[in-house]
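> Submitted below is the structure of interest, expressed as structure tokens.
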Amino acid sequence: MRCMNQTTATQPAAQAVPDGLLPDRKVVRSLQLERGAINEEARTVTLAFASETPVERWWGNEILECSTAAMRQGRLRTGANLLCDHNVRDVVGVVESVEIGADRIARAVVRFGKSARAEEVWQDVKDGIRRNVSVGYLIHRAVLVEERDGQETYRISDWEPYEISLVSV
């Protein structure tokens, strides 16, 4: 196991880090919305936004560790925004709560606003039109866990989600 991007004062950075793993470089991944988790009266929906399913990146495979030790939850727990298509100017709601299940899937309860735009998106969610969920996050630490046939797999053991989006693709 090789540690990448270790930047604490006690341990210097290990070897060169692939560009996609640099701190402060935004990364996204997507899941599908579960329609059964809609509460129309409260204008909320529970969204699965991260799992440990490997995702192929240009630099190798990425596995987001979904544990309370690995996922920095501060930004989400203090009311991060629910966006459309990762557009910071297209805010349609707010993150109300976050949890990581025993199934190692990170979920958030999001509440939709009452603006015209938020109402439009809320209706699309209820109608099953908008189904895709994505999370924007920063990678703070990654560990190389496997190298097979020239393909590297990294376990992201310290990461920070900063927004959740409903996305078209």
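> With Glu152, Glu119, Glu163 as the choices, which residue is assigned to a helix (DSSP H, G or I) and of a type outside the set (Ser, Thr, Tyr)? Give the steps one after another, and end with the answer.
On the way: Glu152 fails: assigned to a helix (DSSP H, G or I); Glu163 fails: assigned to a helix (DSSP H, G or I).
Answer to the check: Glu119.
> Identify all residues within segment 116-167 that are over 17 Å from Val45 (Cβ atoms), in contact with a strand residue (DSSP E or B) (Cβ under 8 Å, 6 or more places away or on another chain), open to solvent by 10 Å² or more (accessible area, probe 1.4 Å) and not acidic (Asp, Glu); write none if there are none.
Correct list: Leu138, His140, Arg141, Val143, Leu144, Val145, Gln151, Thr153, Arg155, Ser157, Tyr162.
> Right, next: Could you list, ordered by first residue, the pairs with Cβ atoms under 6 Å in which the first is in segment 76-88 and touching a residue at least 24 places away in the same chain (Cβ under 8 Å) and outside any strand (DSSP E or B) and the second is surrounded by 16 or more Cβ atoms within 10 Å (Cβ to Cβ) and acidic (Asp, Glu), at least 6 apart or interchain?
Ala80/Glu163
> Please work out if Arg111 is part of a strand (DSSP E or B) and either free of Cβ contacts under 8 Å to residues at least 40 places away in the same chain or within 30 Å of Glu41 (Cβ to Cβ) (or both).
Details: part of a strand (DSSP E or B): yes; either free of Cβ contacts under 8 Å to residues at least 40 places away in the same chain or within 30 Å of Glu41 (Cβ to Cβ) (or both): yes.
Spelling it out, Arg111 is indeed part of a strand (DSSP E or B) and either free of Cβ contacts under 8 Å to residues at least 40 places away in the same chain or within 30 Å of Glu41 (Cβ to Cβ) (or both).
> Is there any pair with a first residue in segment 51-72 that is closer than 14 Å to Val135 by Cβ and a second that is part of a loop (DSSP other than H, G, I, E, B) and open to solvent by 40 Å² or more (accessible area, probe 1.4 Å) whose Cβ atoms are under 6 Å apart and which are 6 or more apart or on different chains, and what are they?
Filtered contacts from segment 51-72: Ser51/Ile105; Glu52/Arg104; Cys66/Glu52; Cys66/Arg104.
To keep it simple, each residue is scored yes or no on (1) in contact with a Leu (Cβ under 6 Å, 6 or more places away or on another chain); (2) open to solvent by 40 Å² or more (accessible area, probe 1.4 Å); (3) at pLDDT 95 or above.
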{"position": "Gly36", "(1), (2), (3)": "no, yes, no"}
{"position": "Glu40", "(1), (2), (3)": "no, yes, no"}
{"position": "Arg43", "(1), (2), (3)": "no, no, yes"}
{"position": "Thr46", "(1), (2), (3)": "no, yes, no"}
{"position": "Gly60", "(1), (2), (3)": "no, no, no"}
{"position": "Cys66", "(1), (2), (3)": "no, no, yes"}
{"position": "Cys84", "(1), (2), (3)": "yes, no, yes"}
{"position": "Gly93", "(1), (2), (3)": "yes, no, yes"}
{"position": "Ala106", "(1), (2), (3)": "no, no, yes"}
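The values are calculated or read from the model by the stated rules, or taken from the named source; none is laboratory data. All values reported here derive from a predicted model rather than from experimental measurement. Positions of Cβ are generated from backbone atoms using ideal geometry, with glycine treated the same way; all protein chains shown enter the neighbour counts. We work out accessible area using only protein heavy atoms, side chains counted, and drop any ligands, DNA or RNA first. Shrake-Rupley method; radii C 1.70, N 1.55, O 1.52, S 1.80 Å.
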